[in-house]
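> Sending over a structure as structure tokens; questions will come in a sec.
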Amino acid sequence: MILKTIAIDAAALAPRRTGIGNYLVNLVKGLLEIADGVHFVFYSNAPVLVDDLPGVVVRVSQPVGRRGPYWQNTQLGPALIADRPAVFWGVNGLLPIVRPRTMRTVVTVMDLVYHFAGETTPPISRLSRRLLQPYAVRAADRITTISDATAADVLAVYGRSCDAVIRPVVNQAYGPSAAADRARVIAKHNLPRDYLLTLGTLEPRKNLVELVRAILLLAGRNITLPPLVIAGGRGWSDGALTRAIEEGEAAGVVRRLGFVDDADMPGLYAGACLFLLASRYEGFGMPVVEAQLCGIPVAVSDIPSLRESSGGYAIFFAPTAEGIADCLAGIFAGTTATVSRPLATIDNDPNDAARRMWSVIQPLL
């Protein structure tokens, strides 16, 4: 039997994976179980971590290091022309402009941050997205998104309805069993018995400056909270955040961990008394679901995507220092009650997500 090839932009599968990479891995794991008559080829601009995806072919461009649309249109596009796969999946919302004419395409739109919160993204990224994501949405044979909120944004901005909403599937390590690893992770990272937790790349979109300022505001009012633990790698334009974190660290109310290995994340969530996500904009908000699966209450920005990802089981705040501070003051004074989300309300079936993705791809083969 001649197998048809599904090509995937796998540049997000760096060893220190973040949201897009985790989304891709979890979906491909399910697709490998059900997609008959095909094989998968990952194209990347650098070596990728795919030890948990046996049978997937990886093709790394040489020389390595070109990024984003520059890589897609100088290396990925020519590689696709040479290999002529049946279908290409642009999991990061983009397509190479030069590509085989007979190749069908699926584009997953993660978010429209460049449009709704462009000032929180690097200028070159904002420009490239403004030019190339609308093109990809127009040109793709099929469009998927990761949330109803993003689907609504795609329709409002691009005038195109998406073909499927396929929400992120969270790794099965996140769940009630995470509590068993709590003591090990707390000891490893020398954490206190009680702490607040936030997670995200240190960049403006995550709004961590306002979150840290809220913690400092409360400290200045002599309101005692558990320290805020920040997990996440360096991003861009984080000078103001670094200064705010240093002030918080000096006051003993903030602790910065840097990037935390995937193996430690479930226990890190399980050890927290509250998870906070103060983002100005998100496509979905996978960390909210991860925290809820570990049994931790959440408090999040009052934006559509986080209302969706939390299932409404959250405390919502205005994403300003004052709004966050008022929310936390109410929680720890006992006047605002946190809520725990019943696990039965969380849609986290990897098989169902893979089936829905396959229903989008299969007709194009």
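The values are calculated or read from the model by the stated rules, or taken from the named source; none is laboratory data. Just so you know, these numbers come straight off a predicted model, no measurement behind them. Positions of Cβ are backbone-derived with ideal geometry, glycine not excepted, and every protein chain shown enters the neighbour counts. Each accessible area value is taken on the protein alone, full model and side chains, heavy atoms only, with ligands, DNA and RNA left out. Shrake-Rupley method; radii C 1.70, N 1.55, O 1.52, S 1.80 Å.
> List, largest first, the extents of the alpha carbons of the range 1-101 along their principal axes, each in whole Å.
33, 33, 22
> Please compute one quarter of the surface area of the Cα convex hull for the chain and express it in square nanometres. If you can, show how the numbers build up before the last one.
Details: hull surface 71.5 nm².
Here the figure is 17.9 nm², rounded to one decimal.
> Please turn the phi angles of the range 158-174 into ³J(HN,Hα) values with the Karplus equation 6.51 cos²θ - 1.76 cosθ + 1.60 (θ = phi - 60°), one per residue in order, whole Hz, x for glycine and proline.
The phi angles translate into 9, x, 10, 7, 7, 7, 6, 9, 10, 6, x, 9, 8, 3, 5, 5, 8 Hz.
> With a Förster radius of 30 Å, plug the Cβ-Cβ distance of residue 359 and residue 179 into 1/(1 + (r/R0)^6) and report the FRET value to the nearest 0.05. Show your work: numbers first, answer last.
Details: r = 36 Å, r/R0 = 1.20.
It comes out at approximately 0.25.
> Additional query: How large, in percent, is the carbon and sulfur part of the accessible surface of the chain at a probe radius of 1.4 Å? The partial results should precede the final answer.
Numbers: 8150 of 15520 Å².
Exposed carbon and sulfur together represent 52 percent of the surface.
> To continue, here is another question. Please sort 242-250, 161-169 by packing, taking for each peptide the average over its residues of neighbouring beta carbons within 10 angstrom, highest first. Please list the in-between numbers first.
Working: 242-250: 15.7, 161-169: 19.2.
The densest-packed peptide leads the list: 161-169, 242-250.
> Next question, about the same structure. Send over a whole-number figure in Å² for the accessible area per residue of the chain, probe 1.4 Å. Write out the running numbers ahead of the final one.
Details: 15520 Å² over 365 residues.
That works out to 43 Å² for each residue.
> How big is the gap, in Å, between the Cα center of the range 309-362 and the Cα center of the range 165-238?
Distance between centres, Cα-based: 15 Å.
> Need one number: nm distance between label points at residue 201 and residue 2, each 7 Å from Cα along Cα→Cβ, rounded to one decimal.
Output for this residue pair reads 4.0 nm.
> So if R0 is 51 Å, what FRET efficiency would residue 224 and residue 139 give, r being the distance between their Cβ atoms, rounded to the nearest 0.05? Mind showing how you got there, number by number?
Values: r = 55 Å, r/R0 = 1.08.
Working from the Cβ atoms, E equals 0.40.
> Follow-up. Using the Cα gyration tensor of the range 53-131, with a ≥ b ≥ c the square roots of its eigenvalues, what is the shape: rounded (a/c below 1.5), prolate (a/b larger than b/c) or oblate (neither)? Please report the intermediate quantities before stating the final value.
Details: a/c = 1.88, a/b = 1.69, b/c = 1.11.
It comes out prolate by the Cα gyration axes.
> Give the lysines reachable from residue 29 as a straight Cα distance under 20 Å; neighbours fewer than 8 places away on the same chain don't count.
4
> Using Cα-only point scatterers and the Debye equation, what is log10 of I(q)/I(0) for the range 230-325 at each q in 0.10, 0.13, 0.20, 0.23 Å⁻¹, rounded to two decimals?
-0.28, -0.49, -1.18, -1.40
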